[in-house]
1. Does E:Val81 count as closer than 26 Å to B:Leu37 by Cα and more than 14 Å from chain A (Cβ to nearest Cβ)?
2. Under the condition of being among the basic types (Lys, Arg) and in contact (Cβ under 8 Å) with a residue 12 or more places away in the chain, which residue from the stretch F:176-214 is farthest from E:Glu227 (Cα to Cα)?
3. Could you grab the pairs with beta carbons closer than 8 Å, sequence gap of 6+ or different chains, first residue in the stretch B:91-106 and within 8 Å of chain C (Cβ to nearest Cβ) and more than 11 Å from C:Gly202 (Cα to Cα), second one among the aliphatic types (A, V, I, L, M) and open to solvent by 30 Å² or more (accessible area, probe 1.4 Å)?
4. Would you confirm, using the coordinates I've provided, whether F:Ala197 is open to solvent by 20 Å² or more (accessible area, probe 1.4 Å) and farther than 30 Å from F:Asp7 by Cα?
5. Filter the stretch E:215-230 for residues that are within 18 Å of F:Thr8 (Cβ to Cβ) and either open to solvent by 60 Å² or more (accessible area, probe 1.4 Å) or touching a residue at least 40 places away in the same chain (Cβ under 8 Å) (or both) and give the result.
6. Just give me the residues in the stretch F:72-97 being of a type in the set (A, V, I, L, M, F, W, C) and closer than 21 Å to B:Ser86 by Cβ, in sequence order.
7. When the residues of the stretch B:107-124 are narrowed to those that are under 17 Å from the mean Cα position of the chain (by Cα) and closer than 27 Å to F:Val59 by Cβ, which ends up nearest to the other protein chains (Cβ to nearest Cβ)?
8. Name the residue, out of C:Thr123, C:Thr26, that is of a type in the set (Ser, Thr, Tyr) and touching a residue at least 12 places away in the same chain (Cβ under 8 Å).
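The values are calculated or read from the model by the stated rules, or taken from the named source; none is laboratory data. Quick caveat: nothing in here was measured; it's all calculated off a predicted structure. Note that each Cβ is placed from the backbone with ideal geometry, even for glycine, and that neighbours are counted across all protein chains shown. When the accessible area is computed, the model is the full protein with side chains, heavy atoms only, and any ligands, DNA or RNA have been set aside. Shrake-Rupley method; radii C 1.70, N 1.55, O 1.52, S 1.80 Å.
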6 protein chains.
Amino acid sequence: MATVVTDTPRLPRSLVARFEGLGVATVHEAQGRTGLLAATMRPIYRPASIVGSAVTCEVAPGDNWMIHVAVEQCQPGDVLVVTPTSPSQDGYFGDLLATSLKACGVRGLVIDAGVRDIADLTTMQFPVWSSAVYAQGTVKETVCNVNMPVTCAGQRVRPGDLVVADDDGVVIVDRREAEAVADKADARIANEAEKRARFEAGELGLDIYGMRERLAEKGLRYVEYVEQDD
Amino acid sequence: MATVVTDTPRLPRSLVARFEGLGVATVHEAQGRTGLLAATMRPIYRPASIVGSAVTCEVAPGDNWMIHVAVEQCQPGDVLVVTPTSPSQDGYFGDLLATSLKACGVRGLVIDAGVRDIADLTTMQFPVWSSAVYAQGTVKETVCNVNMPVTCAGQRVRPGDLVVADDDGVVIVDRREAEAVADKADARIANEAEKRARFEAGELGLDIYGMRERLAEKGLRYVEYVEQDD
Amino acid sequence: MATVVTDTPRLPRSLVARFEGLGVATVHEAQGRTGLLAATMRPIYRPASIVGSAVTCEVAPGDNWMIHVAVEQCQPGDVLVVTPTSPSQDGYFGDLLATSLKACGVRGLVIDAGVRDIADLTTMQFPVWSSAVYAQGTVKETVCNVNMPVTCAGQRVRPGDLVVADDDGVVIVDRREAEAVADKADARIANEAEKRARFEAGELGLDIYGMRERLAEKGLRYVEYVEQDD
Amino acid sequence: MATVVTDTPRLPRSLVARFEGLGVATVHEAQGRTGLLAATMRPIYRPASIVGSAVTCEVAPGDNWMIHVAVEQCQPGDVLVVTPTSPSQDGYFGDLLATSLKACGVRGLVIDAGVRDIADLTTMQFPVWSSAVYAQGTVKETVCNVNMPVTCAGQRVRPGDLVVADDDGVVIVDRREAEAVADKADARIANEAEKRARFEAGELGLDIYGMRERLAEKGLRYVEYVEQDD
Amino acid sequence: MATVVTDTPRLPRSLVARFEGLGVATVHEAQGRTGLLAATMRPIYRPASIVGSAVTCEVAPGDNWMIHVAVEQCQPGDVLVVTPTSPSQDGYFGDLLATSLKACGVRGLVIDAGVRDIADLTTMQFPVWSSAVYAQGTVKETVCNVNMPVTCAGQRVRPGDLVVADDDGVVIVDRREAEAVADKADARIANEAEKRARFEAGELGLDIYGMRERLAEKGLRYVEYVEQDD
Amino acid sequence: MATVVTDTPRLPRSLVARFEGLGVATVHEAQGRTGLLAATMRPIYRPASIVGSAVTCEVAPGDNWMIHVAVEQCQPGDVLVVTPTSPSQDGYFGDLLATSLKACGVRGLVIDAGVRDIADLTTMQFPVWSSAVYAQGTVKETVCNVNMPVTCAGQRVRPGDLVVADDDGVVIVDRREAEAVADKADARIANEAEKRARFEAGELGLDIYGMRERLAEKGLRYVEYVEQDD
């Protein structure tokens, strides 16, 4: 029984806005090194960077019908997250659907499958993170769920979760933890700024982080180079 | 017995010209969703877009000898299509061969193997679609066929077939069907322009394509969101 | 017993400088088609091109501790070469470590694993060749060797070996053979310049390299095209 | 904050027993074509077939410490489900841990990573489904969650969910839906038995399932073979 | 327009029988090192060995409908060759379809996709060569061609071509060349028998094939081992 | 300049014999978790287990000529280790070469490429660890090194190094460290026997290895299960 869930929740815009400018790596660290989609998910052009609320969409292999259904559930500021029910690299998405999503104010697409028309998508500056670029056409025969929790590229995504994507990939923030994650990310950014200044000044991580003693305890030893053949 | 077939046919320039500006996805759709090379075939730089008549060339693994033989069979407007007789990612092709092909008026290379000197090829703006970038050198020991039908990246290619390649990948058009495909592609382009305007105006695919009834027939139902943990 | 070898040798700057401007393919050919890292090693941005002396660093899977140790062993003009002791695509390296290496005068990073913050690395123009881009964070728990010989992406690398990297990938030159390789590369460049001019003028490789006779001996035959369905 | 959840629920033995003898494909179909782990999960020996209640365990890449923690949470009839927090193919599990699990009455292991000592595991007849066989040793440095919901090979698994595994792979049944799934699976088995008899008697699926009319509606046509070259 | 071609040709049984007992490697060599399907095509159990006439079948990704159509075209002694129109690893085929094919006298299945119920298929001794084992169910929505030429795992297959499959993989013999290939294979077998006896007696290939002179001409030199570190 | 090194060293038979019955995992651990070939190297049949002295052999891609050269350098008790100079999955090795190696007393083959005739090799019980099974034939055109140090599947191998291979894969022992490794392996075996008895008796690794305190220090906490939807 395929189901479309309507009226899914979104975070307040002010909270979403706190994630703008935060990179994927920072957010991933801020929430305890969780939430990353697989490394196979790459942006179709670079640089690209978005944050928005997830609308989730399952599709049958080689069948993009449900994306049309999902578009109707999208609101300005959303990110559409599409995952096939079985692995596929077909070209589920091209410039017409991008035009439709853009008209709805959607910020980008995350899809664990293929996309096409990437020259047009680049010109339009509609960002997509996908696991393939492939022109293979799809059918419209099978209904699946929209806005139900999905596993996309190894990561659980619920409707309304925050999607943060940049050149490094994609990370998901649980909607209910977004505020706490934003706080931790801010703290991390502040801390990194101070560290960066010290690195720029030539200080070593060994000293900045006080690592030398623990390295020695773990048995690391230093020896001088002796020429040998191997 | 390795064979070079000479005097292979080409389509008239006027017919080839009809494919310029048509994308790979459009051509693939226009001929009934056939003809795509595998998604592993990627352009070495972007954007890149060509159309031309195939000169086909088989090469032994790690042996680029036959590319030199194939160059002689090329004419202005051709695209060289190279496939190893067994999988290889070696660097069969670099800036010298590109210089030679360019001097012959060849529009680009499609190779289900590796290429090298891609910085130079990018500067020269000689486009290549390949399954690998790898500097590994090759030998010149084994003779293979030139201008015989080949299977390249999963797709049958005959000499004189039309090769259309862009940022999405590569599609092959049977020479004998090119005119009909061009007609269908033109119709598709016209149809898409009208659709694009409606999408831009905010209309939904559900309505543009009249999908709602059939979705309901297939059992799609809509329910309102209820907060839950999962 | 994890060991850091200090005071490893470097080649004289004048010899290193001879490799600047030489491409990976040229150097690979000049040393008898050896020394290439696997084709999975790709630059995070293009164009990118460096040459420098290797500082080698092993890391445990998902553990980037030793990179901090390796930074201290780096000198201006070095290239850091990092290899995990078991396959990993985690994000071992980001903008802070890049800032540190840049402050030390290091020319770039070669790592058979993942990196992150690639938008920042691109802005900084700190070049990296890696087998993955992935934001996954790492721990600091396990000590490994620095400046011991390693196998990185299928290639033996010793501290002080020359690392040459460009858009084609990465090649290693044995420190003890660098002078001879530079000589052969220079000769190759000169030879190619002459060849390039002939190719540009429309001469064929078949004639430039005198291949026709040997091709015939190997049994290559030419036949005229006859229309058939296949 | 790494957490071990104790006293997780299991299904009654009588309900688990209903799944014995049901294949993975049957269970997958019975629950609406959901629940499969990725095709990369293969048994280390064949035939192998188990059903049991999931104990879930996260491990750091290259670090098998938490498996020892998880063993304590196992009861007779359980199946241990292990997933690394970042992709790894290291050998997390060998004959000693298998001895420990067997002593606890555990029926098998599902791990999206590597295992080793597979000759011994085969002799012991302790079945394992894994994504790799690799002898690479692991460390014991990082704590992770046990018996929290995990994503393993693309599939959500909660403690107490039913794990059904055979030569085809692994399928997860939501604990709360197990009874309904068992009912549907039984119905499917009954239906297939009747179908199998008809197939054995030489009847065609076209007739058993009454497909001919709908195929014709979709435009399928029959033509007689004409000899041609292609 | 999906088409089923009926009354496709088969080779006489006596000619097919000449290939029984010939291995895939022998047949591949006998026809000039052509005809192999990709190395991804593996038997689901070993040992397995068949020869038969191809019935070809295209299927949509995740859609096994056309296999039911193809069964009707099969005759005793045939081998069904199935290829998806876009890459898929779904489980297109299981024990019911195997029962049906077996009832028709079909000798085995070659499919560039997934199969399931492999424990049952093994018990039934119905051999399958596939690129995946995966229980994922499929739909029945899209019509495709049956008994048209296809590309399966990189190889052109026409209806009536000979399929030879064993533990090494699958090779296709053009129906129109089968007799000549059988002759060459027989000659190769005879020649190998004589060679095998000499190898068993301890003679070296260097001498049996008279390689020493040509090796020296190519520059191979022999030096005695000197202990060194590398 | 291709070179064959003759009269390479071997370890005394008594020392080699100490490794018989030691598994790959044990040897890998005994030498500090080093020496493993990549997980892509799998035995063509199971169970299989060998130990012997390495004869190393480089081959050009798609060219098995040098294996014939290497056979002459083999002695009873050796293991032939073959690596292509660029990645290849071609079938370099089949039943004739196996017959030759067997006649020379060679114990098995390790090859980072393809093999064929695996049904015959299984019947002969000539064990092979390879990265592919593929019938693709090879040529005999290019000379390479024999008994020079090579990198095979990511691991440095020198002639005379010990090769230990079993169902888990392949590990290399530096010839100069073999005695020390054998000592450590024996100690490990003794230790594991004692541990195994305790595991069989139902003791937990947490107690056998005294892990509880350190787990708590790292912050592991235990909480009781509370039913929730996620």
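1. On the way: closer than 26 Å to B:Leu37 by Cα: yes; more than 14 Å from chain A (Cβ to nearest Cβ): yes.
Yes: the conditions hold for E:Val81.
2. Residues of the stretch F:176-214 that are among the basic types (Lys, Arg), as a first pass: F:176, F:184, F:188, F:195-196, F:198, F:212, F:214.
Next, from what is left, pick out any that are in contact (Cβ under 8 Å) with a residue 12 or more places away in the chain: F:184, F:188, F:195.
On the way: F:Lys184: 26, F:Arg188: 31, F:Lys195: 41 Å.
Among those that are among the basic types (Lys, Arg) and in contact (Cβ under 8 Å) with a residue 12 or more places away in the chain, it is F:Lys195.
3. B:Asp95/B:Met124
4. Numbers: open to solvent by 20 Å² or more (accessible area, probe 1.4 Å): yes; farther than 30 Å from F:Asp7 by Cα: yes.
Yes, satisfied.
5. The first filter runs over the stretch E:215-230 and keeps only residues within 18 Å of F:Thr8 (Cβ to Cβ), leaving E:220-230.
E:Arg221, E:Tyr222, E:Glu224, E:Val226, E:Glu227, E:Gln228, E:Asp229 - these are the residues of the stretch E:215-230 that are within 18 Å of F:Thr8 (Cβ to Cβ) and either open to solvent by 60 Å² or more (accessible area, probe 1.4 Å) or touching a residue at least 40 places away in the same chain (Cβ under 8 Å) (or both).
6. Kept after step one, since they are of a type in the set (A, V, I, L, M, F, W, C), are these residues of the stretch F:72-97: F:74, F:79-82, F:93, F:96-97.
Of everything in the stretch F:72-97, those that are of a type in the set (A, V, I, L, M, F, W, C) and closer than 21 Å to B:Ser86 by Cβ turn out to be F:Val82, F:Phe93, F:Leu96, F:Leu97.
7. Residues of the stretch B:107-124 under 17 Å from the mean Cα position of the chain (by Cα): B:107-115.
With closer than 27 Å to F:Val59 by Cβ added as a condition, the list becomes B:111-115.
On the way: B:Ile111: 14, B:Asp112: 9, B:Ala113: 11, B:Gly114: 7, B:Val115: 9 Å.
Residue satisfying both the conditions and the ranking: B:Gly114.
8. Working: C:Thr123 fails: touching a residue at least 12 places away in the same chain (Cβ under 8 Å).
Step by step, each of C:Thr123, C:Thr26 is checked, and only C:Thr26 is of a type in the set (Ser, Thr, Tyr) and touching a residue at least 12 places away in the same chain (Cβ under 8 Å).
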